[in-house]
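Take a look at the structure set out below.
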Amino acid sequence: MLKELVEFMARALVDNPEKVRVSEIEGEQTSVIELRVAKEDLGKVIGKQGRTARAMRTLLSAASTKIRKRAVLEIIE
Amino acid sequence: MSTLEFEEKSIEEAIEAACRQLKLPREKLEIEIISKGSSGIFGIVGARRAKIRVTTKVPPAGLAAEKSKEVLDEILKHIDLPMVVEAEAREGYSYLNIISNGSGLLIGKRGKTLNALQFLVSKIVSRQTGESVSLLVDTENYRAKREESLSALAHQLGEKVKKTHRSLTTGPMSAQDRRVVHLALKDDHDLRTKSKGEGSLRRVIIYPVRKPKEAAKAEEKAE
């Protein structure tokens with residue numbers, strides 16, 4: 001579910017939605033969500049001074065709080 | 001602003017079609033006639049259709065509100081809470097109200113989650129429509145309550161500044177919050193407000209208008 005959330009947000013923000021790859025590494029308490037996008041879209045998911053990335057992380061933690069987990073969003077170059 | 005072309009039998013019909021599709025009255029459209037159209041001889045030979053180019057003077061507000069609701073719904077679907085979104089087109093912006101069970105999860109500390117939602121939805125919708133949309137995402141009347149407590153805070157700080165004749169600074173605030181503080185003290189002629197700092201660390205400074213010495217002098221003169 002957390003994975004789909006990140007996937008939807010990222011796809012809606014980039015120019016190449018088909019190149020968005022999201023994987024989830026599930027830990028006991030903490031999940032790591034890895035987001036990969038096309039090189040030219042990297043700036044779009046990060047945003048000015050990391051604002052977009054920060055907003056996505058905020059929503060991810062709200063969603064994970066609800067299911068009593070923790071999640072970390074990693075944007076991978 | 002978007003531009004579209006319409007082709008109908010007559011110019012009148014083309015304009016009507018444009019108004020219908022864009023859900024806007026005729027005054028809100030800029031209409032350029034490309035071809036007047038003619039019925040030809042006996043309506044058979046050389047009939048040409050009328051063609052117009054229409055540019056909207058305002059972004060179709062209803063459309064932006066609808067689009068924003070769709071995007072917001074989609075994001076919220078992934079957060080496991082029962083909720084419904086109400087969208088409303090208001091003057092100059094779209095108002096999106098999330099009706100939920102009131103857990104405060106969607107608000108976050110100082111509205112952090114709500115602001116994140118608002119930022120992302122407006123970014124996504126602006127991308128999709130190619131126009132910058134402004135919208136306000138709200139839940140449980142949070143925005144109005146926040147505005148109320150911020151302006152109460154501003155007045156409290158203002159009183160203190162007047163009493164001590166020393167300037168005071170608020171904590172770091174978002175642009176929206178700073179705006180509320182400035183507006184709350186706008187009509188107070190004994191105070192002046194100014195924003196200072198960079199990025200997310202910007203704060204509002206409240207100054208007394210008269211320096212203590214000048215104030216004392218003025219009082220002396222008055223006596």
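The values are calculated or read from the model by the stated rules, or taken from the named source; none is laboratory data. Everything numeric in this text was worked out from a predicted model, so none of it was measured. For neighbour counting, all protein chains shown are included, and Cβ atoms are generated from backbone atoms with ideal geometry for every residue, glycine included. Side chains are part of the model used for accessible areas, which takes the heavy atoms of the whole protein and leaves out ligands, DNA and RNA. Shrake-Rupley method; radii C 1.70, N 1.55, O 1.52, S 1.80 Å.
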With a 1.4 Å probe and ligands and nucleic acids left out, the total accessible area lost when A pairs with B, in Å² to the nearest 100, equals 1900 Å²
At a 1.4 Å probe, what is the % contribution of carbon and sulfur to the accessible area of chain A? 45 percent
Buried by partner chains in the stretch A:1-45 (accessible area down by at least 40 Å² vs chain alone, 1.4 Å probe, heavy atoms, protein only) are A:Met1, A:Leu5, A:Phe8, A:Ala12, A:Leu13
Student exercise: in the stretch B:144-215, how many lysine pairs 8 or more apart or on different chains have Cα atoms under 21 Å apart? 20
Residues of the stretch B:77-94 that bury at least 50 Å² of accessible area, probe 1.4 Å, when all protein chains are present rather than the chain alone, are B:His78, B:Ile79, B:Asp80
Percentage relative contact order, chain B, counting C-alpha pairs under 8 Å, at least six apart: 12 percent
With the Cα gyration tensor of the stretch B:61-140 in hand, give its eigenvalues times 5 under a square root as the equivalent ellipsoid semi-axes, listed largest first in whole angstrom. 20, 12, 12
Counting only protein heavy atoms and rolling a 1.4 Å probe, one gets per residue an accessible area for chain B in Å² of 62 Å²
Express the accessible area of chain A per residue in Å², computed with a 1.4 Å probe while the remaining protein chains stay in the model. 57 Å²
XL table A:Lys66/B:Lys112; B:Lys36/B:Lys67; A:Lys44/B:Lys67; A:Lys44/B:Lys28; Cα-Cα > 26 Å flagged, in table order, is B:Lys36/B:Lys67; A:Lys44/B:Lys28
Which residues qualify? For A:Ser31, with a placed amide H closer than 5 Å and at least 5 residues away or on another chain, they are A:Arg70, A:Ala71, A:Val72
Taking amide H positions as placed in the peptide plane 1.01 Å from N, state which residues far from B:Ile34 in sequence (5 or more) or on other chains have amide H under 5 Å from it. B:Lys51, B:Ile52, B:Arg53
Using a 1.4 angstrom probe on heavy atoms only, work out the carbon and sulfur share of the accessible area of chain B in %. 51 percent
Output the residues of the stretch B:113-149 meeting this criterion: accessible area (heavy atoms, 1.4 Å probe) in the chain alone minus accessible area with all protein chains in place is 30 Å² or greater. B:Thr113, B:Ala116, B:Phe119, B:Leu120, B:Lys123, B:Ile124, B:Arg127
Treating only the Cβ of Lys, Arg, Asp and Glu as charged (+1, +1, -1, -1), what charge dipole size does the stretch B:61-140 show about its Cα centre? Round to the nearest 20 debye. 380 debye
